[in-house]
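Notes to accompany the following structure.
Derivation of every value follows stated rules applied to the coordinates shown; laboratory data play no part. Only a predicted model underlies this, so the values are computations on that prediction, with no experimental measurement involved. All Cβ positions, glycine included, derive from the backbone under ideal geometry; neighbour counts span all protein chains shown.
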Amino acid sequence: MENLVEIIKGRRSIRRFKPDVIPEEDLVRILEAATWAPSAGNAQPWRFIVVRGPELKRKLVAAALGQGFIAEAPVVIVVCADLERARRAYGDRGVGLYCIQDTAAATQNLLLAAHAKGLGACWVGAFSEDEVRGALSLPQELRPVAIVPLGHPDQEPRPRPRRPLDEVVEYR
């Protein structure tokens, strides 16, 4: 348990990357960890688009309001929710809520697995879904939920402060 807590506490949002290539086996393990996230009814409504091409990365930067560090990462993973899969499992609630929760859990697993492998990543949520969909030629049933640049960190951010438990926990 302590090792897991150390991994959780040690993870940082990385926005500067070395150009070093990510070993394919590390990328596969990280993606596999993402697929072990919990999901409502085990629907697993996620899809992961792995982007390596510079032109596509530039389009993602434009879609993400000019966040240039996205293009600096050797790999960018776009986490998408498969809306039809969610709809088949849970109707409108699956589309409106469960698939977002499920892909968020998968994204967190991805971030923690990357950190455990010594890699850095950043959860980017500020972007135009339509522009991402267009850049990647995604069908309408795939909703982009997160953009995650991934690579060897070229920075060591300090921990950000956390609110104390007595501010965020209620016992009833």
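For segment 1-89, what class follows from the C-alpha gyration tensor (a ≥ b ≥ c being the square roots of its eigenvalues): rounded when a/c is under 1.5, otherwise prolate if a/b is larger than b/c, else oblate?
Oblate, because a/c is 1.5 or more while a/b does not exceed b/c.
Once you put a point 7 Å from the Cα of Trp123 and another 7 Å from the Cα of Arg29, both along the Cβ direction, what distance in nm separates them?
2.3
Quick check: pseudo-label points 7 Å beyond the Cα along Cα→Cβ at Leu65 and Trp36, how many nm apart are they?
Rounded to a tenth, the inter-label distance reads 3.4 nm.
Roughly how large, in nm² to one decimal, is the mean projection of the convex hull of the alpha-carbon atoms in segment 57-110?
Computing the convex hull of the Cα atoms and averaging its projections yields 4.5 nm².
Under a crude label model (7 Å from the Cα following the beta-carbon direction), how far is Leu165 from Asp92 in nanometres?
Between Leu165 and Asp92, the label points sit 4.0 nm apart.
Going from the alpha-carbon gyration tensor of segment 1-41, what semi-axes, largest first and in whole Å, does one get by taking the root of 5 times each eigenvalue?
Over the Cα atoms of segment 1-41, the semi-axes work out to 22, 18, 11 Å.
Most fluctuating residue of Val132, Val79, Val28 in a GNM of the chain with Cα springs under 10 Å: which is it?
Fluctuation is largest for Val28.
Under 15 Å from the Cβ of Glu55, count the other residues' Cβ atoms, weight Lys and Arg +1, Asp and Glu -1, and hand me the total.
In short, +2.
Where in segment 111-147 does the amide nitrogen come within less than 13 Å of the point 7 Å from the Cα of Lys18, taken along Cα to Cβ?
In segment 111-147, the label zone of Lys18 (backbone N under 13 Å from the point 7 Å along Cα→Cβ) covers 118-120.
Using only the Cα atoms of the chain, what semi-axes does the equivalent ellipsoid have when each is the square root of 5 times a gyration tensor eigenvalue? Give whole Å, largest first. Spell out each step's value before the answer.
Numbers: eigenvalues 115, 111, 47 Å².
Ellipsoid semi-axes (Å, largest first): 24, 24, 15.
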